1. So, in the stretch 182-205, of the ones that are touching a residue at least 60 places away in the same chain (Cβ under 8 Å) and part of a loop (DSSP other than H, G, I, E, B), which residue ends up farthest from Tyr154 (Cα to Cα)?
2. Taking Glu102 as the residue in question, decide whether it is touching a helix residue (DSSP H, G or I) at 6+ places or on another chain (Cβ under 9 Å), touching a residue at least 12 places away in the same chain (Cβ under 8 Å) and closer than 30 Å to Ile270 by Cα.
3. Does the stretch 302-312 contain at least one residue that is touching a Phe, Trp or Tyr at 6+ places or on another chain (Cβ under 6 Å), open to solvent by less than 30 Å² (accessible area, probe 1.4 Å) and under 29 Å from Ala97 (Cβ atoms)?
4. Only residues that are β-branched (Val, Ile, Thr) and over 12 Å from His232 (Cβ atoms): list them for the stretch 167-193, please.
5. Select, from Thr30, Thr10, the only residue that is on the phi > 0 side of the Ramachandran plot and in contact with a strand residue (DSSP E or B) (Cβ under 8 Å, 6 or more places away or on another chain).
6. Pro351: touching a residue at least 24 places away in the same chain (Cβ under 8 Å) and open to solvent by 30 Å² or more (accessible area, probe 1.4 Å), yes or no?
7. When the stretch 23-57 is examined, which residues are found to be part of a helix (DSSP H, G or I), open to solvent by 40 Å² or more (accessible area, probe 1.4 Å) and within 21 Å of Leu318 (Cα to Cα)?
8. What tally of residues in the stretch 206-231 results from selecting those that are over 18 Å from the mean Cα position of the chain (by Cα) and either touching a residue at least 60 places away in the same chain (Cβ under 8 Å) or not in a loop (DSSP other than H, G, I, E, B) (or both)?
Amino acid sequence: MPRRHVVFVTWKTGNAPAFEAAARLGHHVTLIRSARMERSQNIDFDTTPYGRFVDDVRLLPDATDLDELRACITSLHRERPIDGFVATVDALVVPVAVIAEELGIPFTSAEGARTAKRKDRCRAVLTEAGIDATPYRVVNCLAEAREFADGTGYPVVLKPACGSASEGAHVVADETALDKLFQDIDPHGTTYGQGVLMEEYLTGRFVSAEVGLVEGRFLPLAVSERSTWQDHEALETGTTIPAGITRADHTAVMAFAEQVVRAVGLGMGIFHVEIMIGDDGRPRLIELNPRLMGSCLPNLFRLAGGGDLFTWLVRIHLGEDPGVEPAGFTGYATVRWFGAVERQPTPAAAPDLSWADEYGPALHSLTVRYPDAPFLEPCRGNLGNFGEVQVVHPDHDTSIRIARRVVERVHNQLGFEVTR
């Protein structure tokens with residue numbers, strides 16, 4: 001293959017291996033960094049071992065500034081024509097899609113990405129297509145929220161109409177809880193600036209489909225199972241890849257995910273589709289993300305024997321069919337994240353984790369990394385975690401049990417409650 005120009009728009013620790021994949025495939029790798037995003041994520045490009053695979057770096061104060069990003073990309077395209085983009089951070093998918101269309105560079109459809117990110121629009125598209133008719137409504141005040149909840153019955157889900165990382169999402173148990181929540185939120189503030197979305201509460205088994213689409217070909221990559229914190233169900237506490245579900249459920253989830261992705265019109269990429277398998281076996285959408293699954297999950301996919309997701313990601317965003325077949329997983333990889341339940345003074349040092357060696361190769365990694373702040377704030381979204389454990393084991397239940405036990409031991413050392 002000729003050497004092509006791949007532009008990554010921002011990065012995270014969990015997705016940095018994609019730089020190596022692009023370089024290994026023989027391409028010129030450019031990274032557009034975002035100083036603001038790196039500060040908020042507490043990541044340092046100068047220390048990542050994957051930085052050496054990047055040929056050209058451009059640093060922007062804030063890559064979500066559309067005009068600044070457009071100017072940077074246009075300049076890059078003029079210097080060396082861009083063949084493809086990789087954008088794996090929620091806030092950048094739509095801006096990159098818009099600029100790619102302006103320049104005529106293949107990428108995920110801008111309209112499809114906008115629809116996916118606007119959860120109410122996504123629901124409207126699926127309802128019109130007859131794919132998923134889960135009740136929803138964008139509300140502007142408590143009276144409208146009460147009216148919706150009275151119609152569907154409690155509990156109900158309240159979330160930002162356009163958001164990510166579970167920030168601002170709540171499962172509301174009753175009218176008293178709804179009233180209290182509206183005292184604490186600003187329907188017109190930053191978190192809910194695009195609207196407050198109310199949805200019917202879905203029950204069943206929470207999973208996600210990891211799927212690709214390139215040149216019209218649908219790629220079923222994996223079904224993962226998700227865990228949530230019982231005291232705040234909107235907060236995800238972990239994932240296991242692959243999910244311990246029946247073949248029939250797997251087939252139904254993938255068929256549903258394909259319907260969703262095609263109806264929204266995403267066009268090309270690897271996507272993360274969160275789904276509830278109802279007690280009747282019918283899949284229903286929780287959320288569609290027009291980008292690769294986040295955090296350490298691509299590495300979890302690899303640990304479970306699923307293959308090199310980053311190589312496929314690069315090839316798909318260059319419009320190449322990666323020839324992917326459904327993965328034959330060799331084990332089960334589990335991650336558990338945890339943060340503080342209540343506001344706590346930040347400990348002076350991380351706990352002694354030398355006991356982790358007891359778990360041998362099953363415990364792939366265990367990290368406790370506090371933010372540079374005097375207090376640990378209550379963890380109510382994915383960005384509030386300070387700890388992570390990754391486990392890989394041939395047995396599904398054992399993988400999950402070890403991860404839970406490790407979190408429990410860290411919790412006992414810390415002396416304060418953590419989400420688990």
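1. Gln194
2. The answer is yes for Glu102.
3. yes
4. Thr176, Ile185, Thr190, Thr191
5. Only one candidate qualifies: Thr10.
6. Here the answer is no, as Pro351 does not meet what is asked.
7. Result: Arg24, Phe53.
8. The total comes to 6.
The values are calculated or read from the model by the stated rules, or taken from the named source; none is laboratory data. Here the structure is a predicted model, which is why all the values come from computation and not from measurement. Using ideal geometry, Cβ is built from the backbone for each residue, glycine included, and neighbour counts are taken over all protein chains shown. Note: areas computed on protein heavy atoms with side chains; ligands, DNA, RNA excluded. Shrake-Rupley method; radii C 1.70, N 1.55, O 1.52, S 1.80 Å.
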